[in-house]
Every structure is written in C-alpha cells, then in structure tokens.
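Structure record follows, encoded as structure tokens.
The values are calculated or read from the model by the stated rules, or taken from the named source; none is laboratory data. Quantities reported herein were computed from a predicted structural model and do not represent experimental measurements. Reconstructed Cβ throughout: ideal geometry from the backbone, glycine too, with neighbour counts over all protein chains shown. The accessibility values were calculated without ligands, DNA or RNA, using every heavy atom of the protein model including side chains. Shrake-Rupley method; radii C 1.70, N 1.55, O 1.52, S 1.80 Å.
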Amino acid sequence: MDYSVYPRHNVLCIDMRSFYASVECVDRGIDPMKAMLAVVGDPNRSGSIVLAASPALKKTYRVSNVSRFFELPDDPDIIIAPARMGMYLKVSLAITKMIKTIVPKEAIHVYSVDELWVTLDGTERLYGSPVEAAEMIQQRILDQFGIPCAIGIGENKFLAKVVMDIHAKKATSGIAECRYEDIEKLLWPIEIGKIWGVGSRLRKHLNRMGIFSLGQLANHPLEQLKKRFGVIGEQLYWHAWGIDLSPVEGDFTKAEQKGYGHGITLLRDYKGAEIPTVLLELCEEACRRARKDEMYGRTIHLSIGYSKEVGGGFSRSMSIDAPTNITMAMHQVCMQLFHTFYDGYSEIRRASVSLTNLSRDAGIQLSLFEDQRKSNIGYVMDAIRDKYGSTAILRASSYTEQGITLERSKKIGGHYA
C-alpha cells in the first residue's frame, strides 16, 4: 500500500475507563482502580443489567457490562451503586468542556458519553509530540475528575480507536500509538471479531470466507469483499489497511436528520389491547422532535417485538399522501399497521415507531380541508412542555396502567437519572 497519497493526522481516541463505575468511586472518595464497584440499572430487579464494573471487579470476578445483577458474586467488598445517569452526563460534559480549553471545538468529536476523538494537528509547539499531548490530557482528566483514561493515537479516527481498544487499555501507561507503518505488526495479527465495527454476525460471515484476522482481511481480494458485502466490504478492506477518510475536524454536532424515531423495551409483557397507549406516547415523542425541527414525514414505520417466550414480531411501514408531524395522524397509521400484521394473541415486549421520508415544513402545501387546529395543538403542547417540563401536560391515557411517559420521564437513556 502506497500510504504517501493518504492524509496523515494526529488523532487521539480517549476512552474513560469504566466510566460510570469510576464516577461513582470518585463521588464516594475511593480509588476507581482498586475498589470493587458495580453500577446496576435497578438494584430492585434481580435481572437488571450491570451497566459498568470497576477494573478491579472485572479482574477479580470477570464481571462484564452484560452481566446481570443476580450474577454478581456474594462478596461484601463489592459496592452496588444504583445508576445515576444525570451525574454521569454532567461529568461527561465537564470533561468535554475541559478538552475545549486545549483544542478548538472543531477538533473534538464526541462519540459517546465516555469516549471522544481529539485532533491535534498543528499543536506541536503548544503541547509537544502527540504522545506528550496525550500524557498531558490523561493527567488533566485524572487530576480534575479523578477518572483514569486510555488513549489511542493514530493517523485517523479508525486507527486511533482500534489501537486504543486493542493496545492502550492493556498498556501500563494507558497510551498506545499506531501509524501506517505499524499496522502490519500491531493490528494485522488481531482476531477479526475484536476490531471496531465488526459485530458477531459479520464475523461469522468473514470466518466462513477463511478470514479470521485483520491481516487476512487486508490480503483478501477487494472485488470478492465488494461482491459479498457491497460498500461495507470495501470499507472493511480499506480499514484493514488502516485507511479512513472520515473528517477529523468540523462541526460534528450537526448531522443530516434521516428520520424521527422512538422505541422502548417494556418492563413487562403487554397484551395487544394495551399497545395503543404505548404507541400513542411513542408517536407523541417522535412528532414532537419533528415539529421542533419543522420537519414533516411521509413514511411511518412500526416495529413490534413479541415476548421472549414467543419470539419474533414484525416490522412494517406505510407511506401516506401528505407528509405529517401530527401525533394522532401518525398514531392512526401505526394502529392500522398493528391491526394488519399483529397475530392477535402474542404478548408484546418491544415497540418502536419512526417518521421518515422527510421534507421541510415550509414546503408543505396545506389542504383546504385539513383541520389546522390538529397541528396547532401539537405546537402548543410542545411549548408548554419546553417551558414547564416534559410531564407538565399529558394525555389522559398516560396516567393509566399502560402509560409509559411518567416512568420514562424519571430516566435518562432508559436508566434512572
């Protein structure tokens, strides 16, 4: 590979180690690297998931972030911390704010609540080499927030992310660097399933083709990968050679909106007769976001997942003549899809709706026969909620046993704030 034709940047991928658990340890005044602490979504439910485990707990009992509360060992030294999502988000925002004092906001791309990329191009006179800059940032995060972090350094986002996942987390310093010239040594021997962007399903397909390592992927014929996987196959090939042309600076807070969706995994199995209330509240949230952006959608999608005992479900969509962002109009279509494809007897555990095929509010031709009060009511309800809170005004059905809005208002990302 002739790397001379590809851009070279100094990109860091920063990952806060066991972030939720580390924040809880710092709040309790204990060492995040030594304490055995597990953050549990809801300790009142034995089947609740372990959202984060401290490094010591992972090492001692091999607890992972997919373990369940009841699977935790009976050890009095283990601290059980109920999830406090609001606090984690607050710390995450504070860390990002601190990074903005080091580089411009255009050089920061927040990937998740505990992970972000930072581009260091042109900062050598200020902070020295990329490794020196990484050490400085790592120390600042530890000094100001008490949270350890791992940092990968690469020519682009992909290399920085992968070397962080594979090598930095295991390194004593918590920092690892991978340049184009290092790929064959540092990354090619790695098992393909451990590479960022390769899930279990894709890994199985690649294994059937005789591809088990990143090096084997890099040396597999590109045309065969494109024929088998399309655009994804081509991306896999170039990533295996360490090439990633995604932008490393810019306004990463703006993205083209493809649709407005909302979904939920229910706390219990719902009967078919209970679902209309759930769908109404999901449509309310999806349309609220569309109205906020002054967007209308022409295609409405409904997805229903049955209980674990039954399995399966369905996912269907319908396009309508005139685009809408009216809650009741979307709900009517969802109910039509539900009555058409629901088997009539299975209990339901998951539901989601989405509004796609978008167009701008200003481009909508109003019908002479459309009752515009329907749209105005939605905007008025939105304004009240924006001013007084998400539960300031609700439909009567939200107060029934089937309603989900009141309980969800207490949570962030599905977990209690």
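Tabulated data
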item	result
Convex hull projection area averaged over all views, the range 212-361, Cα basis, nm²	12.9
log₁₀ of I(q)/I(0) at q = 0.13, 0.19, 0.28 Å⁻¹ - the range 123-195, Debye sum with one point per alpha carbon	-0.39, -0.78, -1.29
Normalised alpha carbon radius of gyration of the chain [divisor 2.2 N^0.38 Å]	1.12
Stokes-Einstein D for the range 92-150, Kirkwood Rh over Cα pairs, 20 °C, 1.002 mPa s (µm²/s)	182
Placed amide H near Y111: partners under 5 Å, 5+ positions off or other chain	L116, W117
Accessible area per residue, Å², the range 139-285 with all protein chains present, probe 1.4 Å	49
q = 0.17, 0.27, 0.29, 0.33 Å⁻¹: log10 I(q)/I(0) that the Debye formula gives for the range 212-257, counting C-alpha atoms only	-0.58, -0.91, -1.00, -1.18
Dipole moment magnitude, nearest 20 debye, the range 1-81 about Cα centre, only Lys, Arg, Asp, Glu C-beta charged	160
16 Å tail of the calculated P(r), the range 248-318, as % of Cα pairs	60
For the chain, calculated [θ]222 nm from helices alone, where every DSSP H run of n ≥ 4 adds -39500 (n - 2.57)	-10500 deg cm²/dmol
GluC sites (Glu not before Pro) restricted to the range 160-257 and DSSP loop, no more than 10 other C-beta within 10 Å	E256
Subset of K204/K308; K90/K204; K157/K185; K169/K308; K34/K194 violating a 28 Å alpha-carbon distance limit	K90/K204; K169/K308
Cα-based Kirkwood hydrodynamic radius, the range 67-180, one decimal, Å	15.8
Radius of gyration and maximum dimension Dmax of the range 161-238, Cα, Å	13.1, 42
Within the chain: Cβ-based charge dipole about Cα centre, in debye rounded to nearest 20 (Lys, Arg +1; Asp, Glu -1)	560
C-alpha center-to-center spacing [the range 14-61, the range 232-277] in angstrom	26
DSSP-loop trypsin sites (Lys or Arg not before Pro) across the range 226-282, with at most 10 other Cβ within 10 angstrom	K254, K258
Compactness of the range 14-140, expressed as Rg and Dmax over alpha-carbon positions, Å	16.8, 54
For the range 6-48: span of alpha carbons on each principal axis (Å, largest first)	53, 26, 14
Pairwise Cα inverse-distance average, inverted: Kirkwood Rh of the range 63-124 (Å)	14.7
Distance (nanometres) between label positions extended 7 Å along Cα→Cβ at D75 and N376	6.4
Ratio of the Cα radius of gyration of the range 180-285 to 2.2 N^0.38 Å, where N counts its residues	1.57
